[in-house]
Every structure is written in structure tokens, then in C-alpha cells.
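Trainee: Please see the structure below; I have some questions.
The values are calculated or read from the model by the stated rules, or taken from the named source; none is laboratory data. Source: prediction; values computed, not measured. As a convention, Cβ positions derive from the backbone with ideal geometry for all residues, glycine included, and neighbour counts pool all protein chains shown. Surface accessibility is based on the protein's heavy atoms, side chains included, excluding ligands, DNA and RNA. Shrake-Rupley method; radii C 1.70, N 1.55, O 1.52, S 1.80 Å.
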Amino acid sequence: MAKVHVFDHPLIQHKLTFIRKADTGTKEFRELVDEVSTLMAFEITRELPLTEINIQTPVCEATSKVLAGKKLGVVPILRAGIGMVEGILKLIPAAKVGHVGLYRDPETLKPVEYYVKLPSDVSEREFIVVDPMLATGGTAIEAINSLKKRGAVNIKFMCLVAAPEGVELLTKEHPDVDVYIAALDEKLNDKGYIVPGLGDAGDRLFGTK
Ligand code: URA
């Protein structure tokens, strides 16, 4: 069963408040999403496995810890997920970055893949799929399907704000994918926006309407 982690670190919660505020402009919104993504990356990497190596300090020989285990990949869901990438790469600069683009079929209303580009060693990497918003869950589920179809076996999903409906569906469809969020909001409204949410994350990040 998938685990759902809500990052309640005070800095994340404080910055998220200003991300939510309607009068926060594009520049500040983008900076805050970047900062929160860095803080979330710090939390999400807490359990990465370590191994010991022998080193020489200026004083003596010593054993010391370095990261072990799988290499990391970050996969933003286009377009709003892009706003989270740089913040994550500040902490894990060697991670490779894939991209997944989906559009909503006007008839079925289901998300359809239009662009997927992943690192070539997909099955060897641990992936963090990122999107600021987890609303109905449809896009996240399909993005993770896109990765799994290409051989990814180790996937986490990270977002800023989630609706309970999205968390429920995502964890049901992908019970092997743990979910990391900064806030679990109240509900979706009839237009598909998360309430209280932060509005359209893509538009607010890129200054479009
Ligand atoms: N996508 C957004 O950008 N905002 C929402 O509230 C829901 C989906």
C-alpha cells in the first residue's frame, strides 16, 4: 500500500501560505515554488541508503558515509511540474531529468500522452515525478503509467497541494508509489480546482492566463 507523507516542516508551511495568496505575483510565486521544492527534496531524500567508504582526512584515515543505491531521476509533468525541477536539482544536481506531457482528450476527458522523454537507464533509476497540484489524480496516474510502460520500477510522486480525491485515486491505481505532499486540502470544486488551493499553478508560474 502506498504511503502518503505530508511535509509539515514550518518553513514549507510558511512559504506555502504565500504561494497560495492570490496577490503573490509571478516572480515571487516562482521563487517560492522553487524554495519549497528544495525543502521537499531535502525531506524526500531523508531515507536514501548510505554506504561507508575509506577516506583520508587531514588528520587521519577514517570511514565516512556516501550515498549508495539507485541513481535519481526527476520527471516534471508538463507544464507546471517544470517549476519544481530547479529547486530539487539544487540538492541532487546529478539527477537526470525526464519530461512527460499529457493533454486531456476533449471527448473522453482522459489524459493522453503527447511527449515522453526519459533517461535511457529507466529501470536502474529511482524517479520522483513532480507536479505542483494533485487534483483528480488522472494526470499523475497516466504520467506514472508512461514511466512504468518504459520500464521504471521505482517511483515516488511529489506535489505541493493535493485534493483528497486525487490522493485516493492515485494510491489505489499505483499502490507501489509513495506520495509526498506539502498540504492536503479540503476538496475539488465543480471546475476541478483544489479548494482552498492556489489557483492554476501553470498560469501562476509562467504568468499566463
Ligand atoms: N491544477 C491546478 O493548477 N490547480 C488546481 O487547483 C487543480 C489542478
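Trainee: For the list (1) open to solvent by 60 Å² or more (accessible area, probe 1.4 Å); (2) closer than 30 Å to Val195 by Cβ; (3) out of contact with any strand residue (DSSP E or B) (no Cβ under 6 Å at 6 or more places or on another chain); (4) away from the ligand (no atom under 16 Å from the Cβ), I need the number of the one condition that Leu109 fails.
Mentor: Result: Leu109 passes all but (4).
Trainee: Check the range 162-172 and report whether any residue there is more than 16 Å from the ligand (Cβ to nearest atom), open to solvent by 20 Å² or more (accessible area, probe 1.4 Å), out of contact with any strand residue (DSSP E or B) (no Cβ under 9 Å at 6 or more places or on another chain) and not hydroxyl-bearing (Ser, Thr, Tyr). Walk me through it before giving the result.
Mentor: Narrowing the range 162-172 to residues more than 16 Å from the ligand (Cβ to nearest atom): 171-172.
Subsequent filtering for residues that are open to solvent by 20 Å² or more (accessible area, probe 1.4 Å) retains 172.
Subset that is out of contact with any strand residue (DSSP E or B) (no Cβ under 9 Å at 6 or more places or on another chain): 172.
Next cut, not hydroxyl-bearing (Ser, Thr, Tyr) only: 172.
Yes; the residues of the range 162-172 include at least one that is more than 16 Å from the ligand (Cβ to nearest atom), open to solvent by 20 Å² or more (accessible area, probe 1.4 Å), out of contact with any strand residue (DSSP E or B) (no Cβ under 9 Å at 6 or more places or on another chain) and not hydroxyl-bearing (Ser, Thr, Tyr).
Trainee: Sticking with this structure for a sec: Checking Ala152 against (1) touching a Phe, Trp or Tyr at 6+ places or on another chain (Cβ under 9 Å); (2) more than 14 Å from the ligand (Cβ to nearest atom); (3) not in a loop (DSSP other than H, G, I, E, B), which test does it fail?
Mentor: Answer for Ala152: the failing condition is (3).
Trainee: Considering only the range 31-45, how many residues are under 15 Å from the mean Cα position of the chain (by Cα) and open to solvent by 40 Å² or more (accessible area, probe 1.4 Å)?
Mentor: Within the range 31-45, residues that are under 15 Å from the mean Cα position of the chain (by Cα) and open to solvent by 40 Å² or more (accessible area, probe 1.4 Å) number 3.
Trainee: Of all residues in the range 166-209, which are over 16 Å from the mean Cα position of the chain (by Cα) and in a helix (DSSP H, G or I)? First the steps, then the outcome.
Mentor: Going residue by residue through the range 166-209, those that are over 16 Å from the mean Cα position of the chain (by Cα) are 168-169, 172-173, 175, 185-200, 203-204, 206-209.
Within the range 166-209, Glu168, Leu169, Lys172, Glu173, Asp203, Arg204, Phe206 qualify.
Trainee: When you go through Tyr103, Tyr114 one by one, which is the residue that is away from the ligand (no atom under 16 Å from the Cβ) and farther than 25 Å from Lys3 by Cα?
Mentor: Working: Tyr103 fails: away from the ligand (no atom under 16 Å from the Cβ).
Just a single option satisfies the conditions, and that option is Tyr114.
Trainee: Among the residues of the range 174-208, write down those that are within 9 Å of the ligand (Cβ to nearest atom) and β-branched (Val, Ile, Thr).
Mentor: Matches in the range 174-208: Ile194, Val195.
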